[in-house]
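Below: one structure, written as structure tokens.
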4 protein chains.
Amino acid sequence: MNGIVSGIIPPLLTPLTETGEVDYESLGNLVERLVGAGVDGIFVLGSSGEVAFLTDAVRDQVIAKVLELVDGRCPVYAGVIDTQTNRVIEHIQRAEKLGVQAVVATAPFYAITGPAEIEAHFRALRTATTLPIIAYDIPVCVHSKLAPALLVQLGAEGVLQGVKDSSGDDVSFRRLCMLNKAAGSPMKVLTGHEVVVDGSYLAGGDGCVPGLGNVDPSGYVRMWQAFQSGDLRQMKEEQDRLARLFEIVFTPVGKVGPAAGVGAFKTALELIGVIKTNTMSVPMTPISDSASREAIEKIVREVGLID
Amino acid sequence: MNGIVSGIIPPLLTPLTETGEVDYESLGNLVERLVGAGVDGIFVLGSSGEVAFLTDAVRDQVIAKVLELVDGRCPVYAGVIDTQTNRVIEHIQRAEKLGVQAVVATAPFYAITGPAEIEAHFRALRTATTLPIIAYDIPVCVHSKLAPALLVQLGAEGVLQGVKDSSGDDVSFRRLCMLNKAAGSPMKVLTGHEVVVDGSYLAGGDGCVPGLGNVDPSGYVRMWQAFQSGDLRQMKEEQDRLARLFEIVFTPVGKVGPAAGVGAFKTALELIGVIKTNTMSVPMTPISDSASREAIEKIVREVGLID
Amino acid sequence: MNGIVSGIIPPLLTPLTETGEVDYESLGNLVERLVGAGVDGIFVLGSSGEVAFLTDAVRDQVIAKVLELVDGRCPVYAGVIDTQTNRVIEHIQRAEKLGVQAVVATAPFYAITGPAEIEAHFRALRTATTLPIIAYDIPVCVHSKLAPALLVQLGAEGVLQGVKDSSGDDVSFRRLCMLNKAAGSPMKVLTGHEVVVDGSYLAGGDGCVPGLGNVDPSGYVRMWQAFQSGDLRQMKEEQDRLARLFEIVFTPVGKVGPAAGVGAFKTALELIGVIKTNTMSVPMTPISDSASREAIEKIVREVGLID
Amino acid sequence: MNGIVSGIIPPLLTPLTETGEVDYESLGNLVERLVGAGVDGIFVLGSSGEVAFLTDAVRDQVIAKVLELVDGRCPVYAGVIDTQTNRVIEHIQRAEKLGVQAVVATAPFYAITGPAEIEAHFRALRTATTLPIIAYDIPVCVHSKLAPALLVQLGAEGVLQGVKDSSGDDVSFRRLCMLNKAAGSPMKVLTGHEVVVDGSYLAGGDGCVPGLGNVDPSGYVRMWQAFQSGDLRQMKEEQDRLARLFEIVFTPVGKVGPAAGVGAFKTALELIGVIKTNTMSVPMTPISDSASREAIEKIVREVGLID
């Protein structure tokens, strides 16, 4: 079984046309932006990729197109997000056939499940594929938290090869890194939180899956390189700059969830000229009021991404 | 557009074989039990039907088989449960083609959405079908609550034809009934809570979607008839008896969510002889310890469903 | 040990002057309104009485004054709301010395406690007083739910003599009534939810502690009498009327919690002429915008409380 | 008005005798341990000090005794934790009279309050004292989160002089630091999370209020000094060691909240010989099973705090 890479693996946005189809030209521009910046991998169909909004047919098309665009320059990992085990297994098998290098799966959701079911879920996924599996810990979406001890147990047994931690619980993240290291580091532990990445590297994290990395992949690559070279002061300074950039997600008026966060990323990329529109999937609407757009533009300019 | 019936519309369980396939013989027995008891409709692929655990192919097979088994003796409504609008629309279109009489849809879930997106979601569903749409208010699964004022607004405009309220918020339920009545009763308002149905009828409810109605459909039919005939004392006594029966869901040791609730319903039906096994969908395990099974059997016997 | 009465026991509001002191003249008017309507008891210093906002000295003054005003015409129960056991015991001992007939205590709050601590808490309260103790189940304030099985166990042992259920969980309420009855009815089980009282009586409830009962005590007394006399139709009709009146709490713009609910009750009583101002405790502000006040007045007029 | 110090300000535990009184001899030992390690301040009557469990009389005695024991060697800040504004003001005025150097206040709790009331609450506290006020952001206890923008606004106006952030939301923490700095650093921003302190220093934090600092104050002092001297590698290594020590809070079987966390700290200090018993306030019980005690002892030994 292949391992999971360390470093920067942005969750790729899914650019849309104004009528809501995937905008493949913009997708190509975005992939080039990331690969050109030197990212270590690309995570397609994550929460930032609006995976929950896409039909199965569109999901497959996006995976296939990204694999074609990347063309082996870095590994491509695919989100296989669905409510419960058998539905997730179908996504895994389609993604495997399409040729991804790993899959990323959450705990079951919609129906309430306890720790025993969560464990059984990941064990069942393991039997369905030979691909590496990254557990995606995202309580804000699935409403349960993956316990560090369970994750490390599953890592030690070869069920899981990585964790993407978007739990927002940095105490748990450090415990996860510590327990994983004590178990011989069977998993790569990646943080999903864009503005506390420097702290997560100190805590033992192996890399980052930053949604904001669509907007500024080079910043995240530089921060990782600074950490790797032991220049912790430089690492912190890159993080401070990216934290200023992240303020774009707090500017949209009257929007919540991905309509604010992903919406701000798309708006920034439209302003930078990478994608054509900031259209969001139904039922979300794009950031269109001029106050929000100007606030985003001002921040993007301040950190030097547009002149 | 057809309306939604009043009365008893149980959410049909999905019996499984020991290896996890749909057990169509048991499904036939169960449908006959409900239709024979005089239910007013059948709701297939609800939370009690383990919808979140079933692949699209299995969902379609269940709908088709239930329509064939019911054969027009009562309307069949289908759950179209998925994360976001475009995925729900696909389920609606498949269910419509299969021939159901109405669809039942929740608010969007997984990705956070606000009130504006919830409203846009239901409006988008409306444009995709001519079938009646029942809004399914189930915060424990989707983690948002449907506001009575929004529901009644959508009802008055013809977007929604019914509400299945499984919110557990009876104050909100009475407000919904009151506002719906003041708007000319554009929707049927149905409760999903098995043990406070008598109170929901007093509050103005038009019927009930009781998971426990799989186990004792006749009890729910009698309770509804007592209410219709004005015999409120009899209504209350039927409810008290059904509340004693509902205690089966609190007996399973170490199980939560549907593994406890649906698991207890299936175990009771197995003991009564309606279905062959109490198998649950992966990653859930059936109730197999003898203490839990005996506790369920004792209760089922006490209320007179087995000798 | 004295028992707890059945029937209507409104949680008395605490009228304030414009500068925030207790308005004893208005308090006297309000007590006369309740006693004159034939309530079965008065619950002072509940959530509706703004207990969390009052200093110990003011709490004592309110208890003493209400006891003097009621003058034995009905029992007076006092809230002894505080974070943890030893602080609650101090309130109990002061209330006992002042002469109340029972105390009403929540689970511990602020610091997280589990089921074992909740049980130990109520057992410790029992050792500190000979007064009846009513457990106050109000998760929205204390963020834990009292389990029916624990409550009935404590009732059977003489630790508790009653439960005021403001949990909003009517399934749990019916289970509590059922288990309490099966144990020989050691406790009086009272609901705190104003608009589903008819259903709670069907479920086995022994009475009601309605905040709205400050505004219309006669309505709640009539509903209880209708239930007692077996006229369930009349019971439901009184409840429907009171549910319309309860809409006043949804009218205030931009207010949450007691600032909306108790604020609306106070505004209604000011409009009816029972209390002088609708002032709320710091940091809450009263309902002062004319749109909200007019909406409240319209509803109060429609149900016949003003001409 | 005096400012708030930077650096290490442990929230002092309150040692108890086996019968539950404050153990002043152990308190003296503990204070000497902290002052001797070079802490920058002591925070008495925080959550770790079991403030919610202590009566007003005991709170006053603890403050008075700690002031006497510290004798001016470092500033003493006191928690003024209570449900709502007027009750908090009473605590502030008593603490001010006793001579503390600052007070630490949470948002209102028990009764639901919104952002407007939270703002009014802190403004009302400001009018009641000339002492510096530290806002205590602890959603796990008070069930609301203090917004960075509001805190910085109140800081800029002189209402607040500091924030103790125990929210567990490190994204919010970095934003708070960033906004506070942009406003001219009117407040000291302190983290309450023991195992991600290195990250919080990178994020701009001015210090730490670690409960675990009762057990190992020297470790936290060394970590702060390493940060101050720019030795970020050493800072991280101290944090890794303290994270290993923090594992003591995950060892107690069947305990939650302070019964686990503070209970583990007390048990460790008893094992080290600083305090006489690990007694907890009613209704909590101490960690007494030998497995838990041995697990704690093993960890405390591994990090070198006992031989």
I'd like to verify a number: residues in the stretch C:52-79 that are among the β-branched types (Val, Ile, Thr) and either modelled with pLDDT under 95 or farther than 19 Å from C:Val262 by Cβ (or both), how many? 2
Answer yes or no as to whether C:Gly72 is touching a strand residue (DSSP E or B) at 6+ places or on another chain (Cβ under 7 Å), more than 11 Å from chain D (Cβ to nearest Cβ) and not hydrophobic (A, V, I, L, M, F, W, C). no
Residues located in the stretch D:123-138, provided they are buried (at least 16 other Cβ atoms within 10 Å of the Cβ) and either under 17 Å from the mean Cα position of the chain (by Cα) or free of Cβ contacts under 8 Å to residues at least 12 places away in the same chain (or both): D:Pro132, D:Ile133, D:Ile134, D:Ala135, D:Tyr136, D:Asp137, D:Ile138
Could you figure out which of (1) more than 25 Å from A:Asp82 (Cβ to Cβ); (2) among the charged types (D, E, K, R); (3) in contact (Cβ under 8 Å) with a residue 24 or more places away in the chain isn't true of B:Asp71? (3)
Checking the structure you have, find out if any residue of the stretch A:222-232 is crowded, with 16+ Cβ neighbours inside 10 Å and modelled with pLDDT under 95. no
Within the stretch A:235-288, of all residues that are assigned to a helix (DSSP H, G or I) and basic (Lys, Arg), the one surrounded by the fewest Cβ atoms within 10 Å (Cβ to Cβ) is A:Arg244
In the stretch B:267-307, the residues that are within 13 Å of another protein chain (Cβ to nearest Cβ), under 15 Å from B:Leu212 (Cα atoms) and under 21 Å from the mean Cα position of the chain (by Cα): none
With respect to A:Lys298, is the statement that it is at pLDDT 95 or above, part of a loop (DSSP other than H, G, I, E, B), surrounded by fewer than 20 Cβ atoms within 10 Å (Cβ to Cβ) and of a type in the set (Lys, Arg) true? no
Would you please name the residue that is farthest from C:Ala52 (Cα to Cα), looking only at residues in the stretch D:95-122 that are more than 7 Å from chain C (Cβ to nearest Cβ) and over 20 Å from the mean Cα position of the chain (by Cα)? D:Lys97
Selection within the stretch B:180-196 - more than 11 Å from every other protein chain (Cβ to nearest Cβ) and among the hydrophobic types (A, V, I, L, M, F, W, C): B:Ala183, B:Met187, B:Val189, B:Leu190
The one condition in (1) buried (at least 24 other Cβ atoms within 10 Å of the Cβ); (2) outside any loop (DSSP other than H, G, I, E, B); (3) of a type in the set (S, T, N, Q) that B:Thr113 fails to fulfil: (2)
So for the stretch C:147-161 (the condition being buried (at least 22 other Cβ atoms within 10 Å of the Cβ) and within 12 Å of chain D (Cβ to nearest Cβ)), does at least one residue qualify? no
Looking at the stretch B:14-34, can you tell me whether even one residue there is of a type outside the set (D, E, K, R), closer than 26 Å to B:Pro139 by Cα and buried (at least 24 other Cβ atoms within 10 Å of the Cβ)? yes
Taking A:Gly199 as meeting all but one of (1) surrounded by 22 or more Cβ atoms within 10 Å (Cβ to Cβ); (2) away from chain D (no Cβ under 14 Å), write down the number of the exception. (2)
Mind listing whichever residues of the stretch D:167-179 are in contact (Cβ under 8 Å) with a residue 12 or more places away in the chain and at the interface with chain A (Cβ under 7 Å from one of its Cβ atoms)? D:Gly168, D:Asp169, D:Asp170, D:Arg174, D:Met178
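The values are calculated or read from the model by the stated rules, or taken from the named source; none is laboratory data. Owing to the predicted nature of the structure, the values given are computational and were not obtained by experimental measurement. Every residue, glycine among them, receives a Cβ derived from its backbone with ideal geometry; neighbour counts consider all protein chains shown.
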